[in-house]
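I have placed the structure first, in the form of structure tokens, so that the comments after it can refer back to it.
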Amino acid sequence: MSVLKEFKDFAMRGNVVDMAVGVIIGGAFGKIISSFIDDVITPLLLEPALKAANLEKIDQLTIFGSVKYGLFLSATINFVIVAFVLFLFIKILNSAKKKEVAAPAAPPAPSNEEVLLAEIRDLLKK
């Protein structure tokens, strides 16, 4: 029975749950980015190249008959967009952390004992 309890403790640990949420959101974000590339970027940026090659879809772009560089181009654009969005997200997080660190707490006032000891020290010096 202790193995089940240990597994439950492990699975419900905050880091594991946070990671699971991150993976799920990452998958959904990947679908959004893929749709953005396939439905927005590809038609806007690559339309002239596709028309010049008499093609309709980016996956039809090939070289030497079998090397599908169109899919590679799409994956590269996908990577650049994801990397840029992550860069912006990390930059925002870092700026928020700097604001928290920039405001250090004021040192606490000395206690009554410390004040009395400082007075005694000053009197002994005289």
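The values are calculated or read from the model by the stated rules, or taken from the named source; none is laboratory data. Only a predicted model underlies this, so the values are computations on that prediction, with no experimental measurement involved. Glycine gets a Cβ as well: all are built from the backbone with ideal geometry, and neighbour counts include every protein chain shown.
Annotations
- Each residue in segment 51-62 was checked for being surrounded by 10 or more Cβ atoms within 10 Å (Cβ to Cβ) and either among the acidic types (Asp, Glu) or within 20 Å of Ser35 (Cα to Cα) (or both), and 6 pass.
- In the set (1) under 18 Å from the mean Cα position of the chain (by Cα); (2) outside any helix (DSSP H, G or I), Ala28 fails one condition alone, (2).
- Filter result (β-branched (Val, Ile, Thr) and in contact (Cβ under 8 Å) with a residue 24 or more places away in the chain) within segment 25-49: Ile33, Ile37, Ile41, Thr42
- Qualifying residue in segment 106-118 (condition: assigned to a helix (DSSP H, G or I), at negative phi, surrounded by 10 or more Cβ atoms within 10 Å (Cβ to Cβ) and acidic (Asp, Glu)): yes
- Candidates are the residues of segment 46-61 that are at pLDDT below 75 and aliphatic (A, V, I, L, M); the one that is farthest from the chain's Cα centre (by Cα) is Ala53.
- Flag if Asn15 is within 23 Å of the chain's Cα centre (by Cα) and loosely packed, with under 10 Cβ neighbours inside 10 Å: yes
- Condition check for Asp18: in a helix (DSSP H, G or I), out of contact with any Lys or Arg (no Cβ under 9 Å at 6 or more places or on another chain), at pLDDT below 80 and of a type outside the set (Ser, Thr, Tyr): yes
- Here Gly65 passes the criteria (1) modelled with pLDDT under 80; (2) loosely packed, with under 10 Cβ neighbours inside 10 Å; (3) in a helix (DSSP H, G or I) except the one numbered (3).
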